[in-house]
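The values are calculated or read from the model by the stated rules, or taken from the named source; none is laboratory data. Note that the structure is a prediction, hence the values are computed from the model and not measured. Cβ placement follows ideal geometry from the backbone for every residue including glycine, while neighbour counts extend to all protein chains displayed. Surface accessibility is based on the protein's heavy atoms, side chains included, excluding ligands, DNA and RNA. Shrake-Rupley method; radii C 1.70, N 1.55, O 1.52, S 1.80 Å.
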Amino acid sequence: MPPLTLRGITVDFPFTPYPCQKDYMSKVIECLQNKVNGVLESPTGTGKTLCLLCSTLGWREYFKDSISARKIAEKMGGAELFPDRPLSSWGTTATDGDVPAYYTDIPKIIYASRTHSQLTQVISELKNTSYRPKVCVLGSREQLCINQDVLKQESNHVKVHMCRAKVSSRSCIFYNNVDEKSTDKDIMNSILDVEDLVKTGKKERVCPYYLSRSLKQHADIIFMPYNYLLDPKSRRAHNIELKGAVVIFDEAHNVEKMCEESTSFDLTPYDLTSAIDAVDKLLREQAADVGKGDFSEDFNVESLNSGLKLDITTIAKIKQILMDLELAINSFEMPSNNQGITKPGSFIYELFQKAHVNYDTKTAVVEAMEQITGYLAGKPGIFLNTSGLQKVADIIQLVFSVEPAEGSKQSHKGSSMQQFKVHIHPDTSNFKKKQSTDVWASSSVKKQGNVLSYWCFSPGFSMQELLRQEVRCIILTSGTLSPLSSFTYEMQIPFPVCLENPHVIQQDQIFVSIVDKGPDGVQLSTAFDKRFVPENMASLGNTVVNLSRVVPHGLLVFFPSYPVLDKTLEYWRASGHADRIENMKPMFVEPKGKGTFTEVIDGFYDKVNDSKSNGGSFFAVCRGKASEGLDFADTYGRGVIITGLPFPPRMDPRVVLKMQYLDEMCRNKTSGKQYLSGQEWYRQQASRAVNQAIGRVIRHREDYGAIFLCDHRFKYTDARAQLPSWVRPYVRIYDNFGSVVRDAAQFFRVVQKLRPVPQKKVKDAQCGSQLVSDAGQGGGCLRSAQSRWQSSSSLKAKVLDSHVPSLKKRKLEDTGRDGTAKLCIQYEMDMSSSKKKPLSLLDALDNSEPRLEGEDDIGGEERASRLSTLSLQYDKRLDDESRGGKRKIRVVQDRKPVESSAAGRGKTFMLELKKSLSQDSFTKIMHALQVYKATDNLDDLVTKAAELLLQDPNTHSLLRGLYQFIRPHHKKQFDEKCQLLTGQGCGYKPEHSLSREERETLMQQTAKVKTSEMGTSKQLDSSKELNQGGSHLGTHSLCGVNTSVKDQKLQKPQKSGKDSQFSATLLSDIKQAIGAEKTNQLFVALQMYKKTYNYEQMVSTVVGLLTERDEDIVLLKRLAVFIPPHHSQQFSEMLRSLTGSALETCQDSEEASNHPIPVSQLSAGKSQSKISSFFS
């Protein structure tokens, strides 16, 4: 890749950048050159991190080269070193502003992100560039320490003090090697992340923690988490020098929260009690030693070993300070509503003054507390909790961290304290159970204590503190900062450079839908008053179940909070939703703690990578670990479901005070700065969390995925306006759930054909040998792996039609389609041709039947319901095999024995029934079927089955599934009962009421007719035409004359959409006109006509049924499609005698359907008289 020049800076980028990447790097360089702050938004997947590193390091090299050029020019005395290249071309910024630039002025780059896992990804990107700066990554002892004595300590602050003790006494062998190894060239020039640093430490027997601090002195770029920069205490502890540095905050959507938390605290009664207990323990111990006379009062001898240099009086004073502070906090009477009381931020100094802590005494108090904590942490024997004492020391440092101007406390309590509030509220925890029963150790034992909260409500406070450290510039960047204006208002520092980048993906790579209602029509909402309503949770469960069938591979589901996640999953486990999701995509749930998260996420990745599985589903919360920076690229995240808007808890005191503070700032406008209103901030918090979760799906230019916003509130304009700019153009709003799944399925069908299949690593030994044998053909193993992946992903889209009612009736039209639509059409045609089902199950408890000849053309609801049963069976089989089954996975089209056998399908249904019901319920159902078989009592069967299967809407389909075991003469009655009980029928058709003998006779007669018609071009193919009343009803010309060309077309397996539409319309019109019972009689007459060819008997029945009302006569005319050519002339004459007009021979059936003869054209009296004469 040739070097890239941006704003006069040469940037070495690994590949040809996209326009948005050039824009991004130009803005970064603009910030660096002009020493101004910038806020840059670029969607995840646009190479933001790589652009940031290359542009920053490219500018730094240019800065360094310009200094070298100036120094060479001074030594050359104006002469040119290279005749063909003047020194001026080496860099024109020989001076940085008005100050001469020297090598010591080259800025360090401080790169901060939220977590070490995010920093690891950044360092990995750095390794992919041509830049090789000196790198250092800072971490805590908890992450970097390799001394086993320290590691086995449970408390983090105990580890700190034990480490310090070992370092001061030089008893840590790893620390003792730091000075030697920190100058090792290999270590200094290596790019190491935290994991690499620990490996190096173990290999070289050197302390990684102190090694990183040593490497920091010579590093060009320093990586660290946010809090190391924003927390004044951490900044001092790591000795971070900010003057002249370039500060970069990546994933900066979290900076606002971290800025506030770094200068806030909550001090609980338990913290104070444990602090008092720890000091009291030491005080008793020292008092006992004094009583024995073992040591002098100042403990000089003891101090040589323990480091404790405090006299007993100082220890007693520390205890008194803690008790006074506790007393001061608990002295406030709480209001009756227990909401607590709020004071201005400056009140914190008054409170600490009551405990004799102020700017004059704070240093001595903190040093004494640190010594006591260190001494107690280093003592062998019983563990003593010193975390409370450490916390109090840290709080005092925080409160008094900024020295007042010219020693005046009053100036410090001025405008800067407006950003803080003191809130004192009752403690609701059960900490008293853990307290000592010592009557003089703590006054709070006798009374419920109060919590002291000191909250910062302006992120700008910490940002302004960074500016006061004289940083060169601050760059905030993330994929989700929009709307940028509100973000910059919160930061309260100027951002002259702003950028809101588009995405690099194409329209066919993203699908965004707002799902207003679930499959059952219940409105989806996780609003406070609706989130735990059973109907809502059930509807959301049904939504996730159906979407899990559509989305291939990895599916992410984000909830607003842990309580909502826990409560919803608890309901789903009880209602069976969880089992249904588990069968489709095994469920993995984000844990609250750190411990098991890695194990859970690895399990999810493994399940998605497993070629024998359907993928996996990962359930997490917005603002949680999974929504922040984790990589769900390609198959790991093909779809994300957002189950609601994650608003902060509205009644939380901190949220209430934050909104009040912002509203107050908006009203005052004293400083001329702009502020968000409280309500705007509240909405923005939810939107940012949603946007961050959405960003998990599209991770790079070739990635694709679907986003489902499953809450009706996303329909509102203000909610959609908060979505990222690259998402907004693609948002579709749906009121019908079936349409969502239909369009999502089409999206995945198309994109899987247009986008290359990601290559999977195959560990199979057999694959390795195959790769060798197929090497000459381009790697058969890889193709095999890809085909397995493709068949699995394609299956998800292919079985979709069986689960969505709106898709079951969809017809294909081959004309007027673009390339994308043709792909979808071909996809569906492949599916329909490869999943041809037998007509039905009759008496499957006894035996099975051979496949019927005319069943290929079965359509409508019946085909869909059978596909549903088979897809459930196939999904269960996949799940069983993923858990260790022995059978090899096959695509559903290849499964012949089970699909072609009625008994096999019956067995599959029984397995599904057994899996969905308890053992007791399953036994009752089986007993009811056996009784029905013996007694032929349908009412008894329906009563018992309904009692067990109607309680849960999820088992309604199982009740309808019993249709296959119902005897022919009961089929219609059972269908009507299911329609009444569940709102959906079983796909009954008149031919289902035929006995086996009748159907066999009909098949034989059909075969004879078909044979006799083979030689005549004008004869209709009766097996295609009649076909048991299915969707075969073709649209020939009404009179049946000169139809040979059309007949040939009709004999093809695939029918046109117009044919099926006409058939469905005709059947519906007849049923609506004369009722279901008479419709049944009509089609029985037609079937007998096909057996006997007794034209007169058929006409008598049909005309009698369709001439009772004048308006029904048009239906008789449309029935001409059933009449073969040799009777069509008679039928036409009969119609002429009835209506007084001849049938138009050239009229197309579709026109007849769409433009029936108006009733007004028929004379009622004339028609009735001709009917009478016809029958006489």
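Given Lys989/Lys1090; Lys159/Lys421; Lys152/Lys199; Lys391/Lys658, which pairs have Cα atoms separated by over 21 Å?
Violating the 21 Å limit, Cα to Cα: Lys159/Lys421; Lys391/Lys658.
Between Asn1094 and Lys379, what is 0.36 nm times their sequence separation minus the Cα-Cα distance? Round to one decimal in nm.
Stretched out fully, the Asn1094 to Lys379 stretch lengthens by 246.6 nm.
Quick check: net charge around Val451, other residues with Cβ under 11 Å of its Cβ, Lys/Arg +1 and Asp/Glu -1?
Local charge sum for Val451: -3.
Restricting the calculation to Cα positions, tell me the Rg (one decimal) and the Dmax (whole number) of segment 520-667 in Å.
Values for segment 520-667 (Cα only, Rg and Dmax): 17.0, 62 Å.
Separation between the Ser677 and Ile72 pseudo-spin-labels, each 7 Å from Cα along Cα→Cβ, expressed in nm?
Distance between the two pseudo-spin positions: 6.1 nm.
Multiply the residue gap between Gln320 and Asp652 by 0.36 nm, knock off their C-alpha separation, and tell me the result in nm, one decimal place.
The Gln320-Asp652 span can extend by a further 116.2 nm.
Jot down the per residue volume, in cubic angstrom and as a whole number, of the convex hull over the alpha-carbon atoms of segment 604-701.
Per-residue hull volume (Cα only) is 121 Å³.
How much accessible surface does Ser168 have with a 1.4 Å probe, in Å² rounded to 10?
Approximately 100 Å² for this residue.
Given a Förster distance of 41 angstrom, what is the FRET efficiency for Asp186 paired with Gln506, based on the Cβ-Cβ distance and rounded to 0.05?
Here the calculated transfer efficiency is 0.35.
Subtract the Cα-Cα distance of Asp631 and Ser739 from 0.36 nm times their separation in residues, and report this length gain in nm to one decimal.
That pair, Asp631 and Ser739, stretches by 35.9 nm at full extension.
What does the charge add up to near Asp566, with Lys and Arg as +1, Asp and Glu as -1, over the other residues with Cβ less than 15 Å from its Cβ?
Summing Lys/Arg as +1 and Asp/Glu as -1 gives +2.
Loop only per DSSP, at most 12 neighbouring Cβ atoms within 10 Å: give me the GluC sites (Glu not before Pro) in segment 121-160, ordered by residue number.
Glu154
Leaving out ligands, DNA and RNA but keeping every protein chain, what accessible area does His927 have, in Å² rounded to the nearest 10, with a 1.4 Å probe?
Only protein atoms counted, so the area is about 100 Å².
If each Cα of segment 198-261 is one equal point scatterer, what is log10 of I(q)/I(0) from the Debye formula at q = 0.12, 0.15, 0.19 Å⁻¹?
Log-scaled intensity ratios, in q order: -0.38, -0.58, -0.85.
Report, to the nearest whole %, how much of the accessible area of segment 586-636 belongs to carbon and sulfur atoms, 1.4 Å probe, protein only.
50 percent
Please report, for the Cα atoms of segment 1-80, the Rg to one decimal and the Dmax as a whole number; what are they, in angstrom?
Cα radius of gyration and Dmax of segment 1-80 are 14.9, 51 Å respectively.
Determine one quarter of the surface area of the Cα convex hull of segment 152-284, which equals its mean projected area, and express it in nm² to one decimal.
11.2 nm²
Express the carbon and sulfur contribution to the solvent-accessible surface of segment 24-68 as a percent, rounded to the nearest whole number, probe 1.4 angstrom.
37 percent
Quick query: amide H of Val137 versus all other amide H atoms, modeled in the peptide plane; which residues come in under 5 Å with a sequence gap of 5 or more or a different chain?
Placed amide hydrogens put Phe223 under 5 Å from Val137.
I want to check the label-to-label distance for Arg728 and Arg468. Put each point 7 Å from Cα in the C-beta direction and report it in nm to one decimal.
Result for the modelled spin labels: 3.8 nm.
Just the accessible area per residue of segment 548-591, please: how many Å² with a 1.4 Å probe?
Per-residue value: 29 Å².
Exceeding 29 Å between C-alpha atoms, which entries from my cross-link table qualify? They are Lys134/Lys379; Lys914/Lys972; Lys309/Lys354; Lys530/Lys715.
In this structure, Lys134/Lys379 lie more than 29 Å apart at Cα.
I'd like the FRET efficiency for Ala574 and Glu1077, computed as 1/(1 + (r/R0)^6) with the beta carbon distance as r and R0 of 45 Å, rounded to 0.05.
Efficiency, rounded to the nearest 0.05: 0.55.
If I model a spin label as a point 7 Å beyond the Cα along the Cα-Cβ vector, how far apart are those points for Arg967 and Tyr359 in nm?
That separation, rounded to one decimal, is 10.0 nm.
Taking the Cα centre of each part, how many Å lie between segment 644-715 and segment 13-78?
Segment 644-715 and segment 13-78 have Cα centres separated by 32 Å.
Which FRET efficiency value, to the nearest 0.05, is calculated for Ser401 and His218 with the Förster distance at 25 angstrom and r the Cβ-Cβ distance?
Here the calculated transfer efficiency is 0.30.
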